[in-house]
Structures are given as structure tokens and as C-alpha cells.
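Structure record follows, encoded as C-alpha cells.
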Amino acid sequence: MAGIKVIATNRKAGRDYHLEDKQEAGLVLKGTEIKSIRAGRVNLSDGYVQPRDGELWLVNVHIAPYDPAGQYYGHDPLRPRKLLLHRREIDRLLSRIVERGYTVVPTRMYLKGGRAKIEIALARGKHKYDKRQAIAERTARRDVERALKERDRQR
């Protein structure tokens, strides 16, 4: 993708959830936060999206403090950040969140045209047996690739 620089990905989201509907959202940030994002100091692994007053907020995403700004001009690393979406997108996500078992999780953060964007996904939690099945499939695929590679090497 041209003009997009991926800053952070949330690999834990794909492992713990069935990701269904992905979409891009903007973020309301402070100056020191965008500087830390550009430096790649972001952790999405424990983040989630929470509805408040008809808006969506990104919660528990760690954006490290920007050291050159000092303590006075800095920011709280775990502060909630407002997501920027169109009203119909917010309404559609809110109606799905109300359904049992759905949540919204951040999957990756990137810079697009100099602005920080976050990809969020509507997700349904995986059960333990789903996780085991995914691990078994991955292991089987790896074993097949290894066997084919070994066969090609012997020729």
C-alpha cells in the first residue's frame, strides 16, 4: 500500500478473536502522542473500543511518553482517545456491540498521509477449542511445507 507506514499491529487480536468487519478510524491526539507514534512507541495488545455518550473511545492502548517534551508537556500513556468515524459507522458498530459476544478491537495503527489512523475490527471471542484448532492447522501446514522442502532438496 503506497503512502502507508504501519506503526504497530495487534497479533493478539487475531489469536483471541474471530475478526469480522474491519474499518479505518482517525484519532484525536495530543502533539506529544503523534510524535511518539511516529517514533513507533505504541502497544495495541490490550486495547479495546468502548462506547461512551454515542461516541467510540480507544481504551488501554499504550502510547509511550515523548521524552524530549519533558514531564510538564507530556501525556498519560494510557489515556482514552476519541475515535473519529462517521455517524452511520458509529451507529452500526454500536448496534453490533449491543449484541451478545461482540466487541471492537484495534488491529493495527499506521500513518496515512502524515495522519495517524487505526484499523478497528468487529470481533467475536474465540473459545479455547478454536484456538487449539488454529494451532493444530498451523502446525500441520508447517510440517507439510517442511516435508515438501526436504523432498525438493533430495532431488
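Tally time: how many residues in the stretch 1-32 are farther than 19 Å from ARG92 by Cβ, in contact with an Asp or Glu (Cβ under 9 Å, 6 or more places away or on another chain) and of a type in the set (Lys, Arg)?
Going through the stretch 1-32 one residue at a time, the tally reaches 1.
Look through the stretch 11-31, keep the residues that are hydrophobic (A, V, I, L, M, F, W, C) and assigned to a loop (DSSP other than H, G, I, E, B), and return whichever of them is modelled with the highest pLDDT.
Here the residue is VAL28.
Could you grab me the full set of residues in the stretch 54-76 that are out of contact with any strand residue (DSSP E or B) (no Cβ under 9 Å at 6 or more places or on another chain) and either assigned to a strand (DSSP E or B) or not acidic (Asp, Glu) (or both)?
GLY54, PRO65, TYR66, PRO68, ALA69, GLY70, GLN71, TYR72, TYR73, GLY74
Condition first: within 21 Å of LEU44 (Cα to Cα) and touching a residue at least 60 places away in the same chain (Cβ under 8 Å). Now tell me which residues in the stretch 57-92 satisfy that.
Passing the criteria: LEU58, LEU85.
Working carefully through the options ILE34, ILE7, find the one that is crowded, with 16+ Cβ neighbours inside 10 Å and not in a strand (DSSP E or B).
ILE34
Tell me, which residue of the stretch 96-155 that is of a type in the set (Val, Ile, Thr) and within 22 Å of ASP21 (Cα to Cα) is surrounded by the fewest Cβ atoms within 10 Å (Cβ to Cβ)?
Among those residues, the one meeting the criterion is VAL98.
Condition first: surrounded by 15 or more Cβ atoms within 10 Å (Cβ to Cβ) and of a type in the set (Val, Ile, Thr). Can you find one or more residues in the stretch 61-71 that meet it?
Restricting attention to the stretch 61-71, the residues satisfying the condition of being surrounded by 15 or more Cβ atoms within 10 Å (Cβ to Cβ) are 61-66, 69.
Narrowing further to those that are of a type in the set (Val, Ile, Thr): 61, 63.
Yes, some residue in the stretch 61-71 is surrounded by 15 or more Cβ atoms within 10 Å (Cβ to Cβ) and of a type in the set (Val, Ile, Thr).
What is the one condition in (1) touching a Pro at 6+ places or on another chain (Cβ under 7 Å); (2) farther than 19 Å from ALA13 by Cβ; (3) not charged (D, E, K, R) that THR139 does not satisfy?
For THR139, the exception is condition (1).
Just to be sure I understand, how many residues within the stretch 12-53 are closer than 15 Å to LEU122 by Cα and either out of contact with any strand residue (DSSP E or B) (no Cβ under 9 Å at 6 or more places or on another chain) or not hydroxyl-bearing (Ser, Thr, Tyr) (or both)?
17
Residues being more than 30 Å from SER36 (Cα to Cα) and either free of Cβ contacts under 8 Å to residues at least 12 places away in the same chain or in contact with a helix residue (DSSP H, G or I) (Cβ under 9 Å, 6 or more places away or on another chain) (or both): count how many of those fall in the stretch 102-155.
Number of matching residues: 31.
The values are calculated or read from the model by the stated rules, or taken from the named source; none is laboratory data. Bear in mind that the values here come from a model prediction, so they are computed numbers and not experimental data. Neighbour counts run over all protein chains shown; Cβ positions are idealised from the backbone, glycine included.
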